[in-house]
Amino acid sequence: MFVQVETESTSLYERVGREPFFFALVAHFYAGIDKDPLLRPLYPENLDGPRRRLALFLIQYWGGPDTYSQERGHPRLRMRHFRFPIGQAEREAWLRHMRAAVESSTASPRDAAALMDYFETAATSLLNRPTT
């Protein structure tokens, strides 16, 4: 009987290239945010902190080290974002920038789809303003 041995890591974190992938993804994402008239006012003047936190969160979420939790505790995404007005327009703008970052990345089509599935679900979960 032949048994297929998986030689590739099963974590997306490993498949996409570990920390460098996520820091590059987040840098591309924030380059778009920095120029977005709808979203930019929601962020602090200096984007270094948000860039680092998002990268560390994604690294941990996709199977990498738990540095985010060590530094910040439980992610509590809804709680941390509730003070920001997030309606459908903000969700769509955020996803547009994240989609551009994913599409410009080196992720395989399968991994890019997994990333976008997560981002779409997460963005929807953060909606806190009624649709107008």
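The values are calculated or read from the model by the stated rules, or taken from the named source; none is laboratory data. Nothing here was measured: the structure is a model prediction, and the numbers come from that model. Neighbour counts are summed over all protein chains in view; Cβ atoms, including those assigned to glycine, are modelled from backbone coordinates with ideal geometry. Please note that ligands, DNA and RNA were not included when accessible areas were found on the heavy atoms of the full protein model with its side chains. Shrake-Rupley method; radii C 1.70, N 1.55, O 1.52, S 1.80 Å.
Listing for the model above:
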read-out: Largest-first ordering by accessible area, 1.4 Å probe, given options 82, 23; value: 82, 23
read-out: Length-normalised contact order of the chain in % [C-alpha pairs under 8 Å, at least 6 apart]; value: 31
read-out: Helical contribution to [θ] at 222 nm, DSSP H n ≥ 4, -39,500 (n - 2.57), averaged over the chain, rounded to 500; value: -18000 deg cm²/dmol
read-out: Average accessible area per residue (Å²) across the chain - probe 1.4 Å, nucleic acids and ligands excluded; value: 61
read-out: Cα long-axis angle, helix 88-103 against the chain (0 to 90 degrees, to the nearest 10); value: 40
read-out: Crossing angle, helix 109-125 versus the chain [Cα axis fit, 0-90 degrees, rounded to tens]; value: 30
read-out: Solvent-accessible area, 1.4 Å probe, carbon plus sulfur percent, for segment 67-132; value: 56
read-out: Kirkwood-type radius of the chain, with distances r between different C-alpha atoms, in Å; value: 15.8
read-out: Residues listed by number, segment 56-98, amide nitrogen under 11 Å from residue 129 label point at 7 Å toward C-beta; value: 84-91
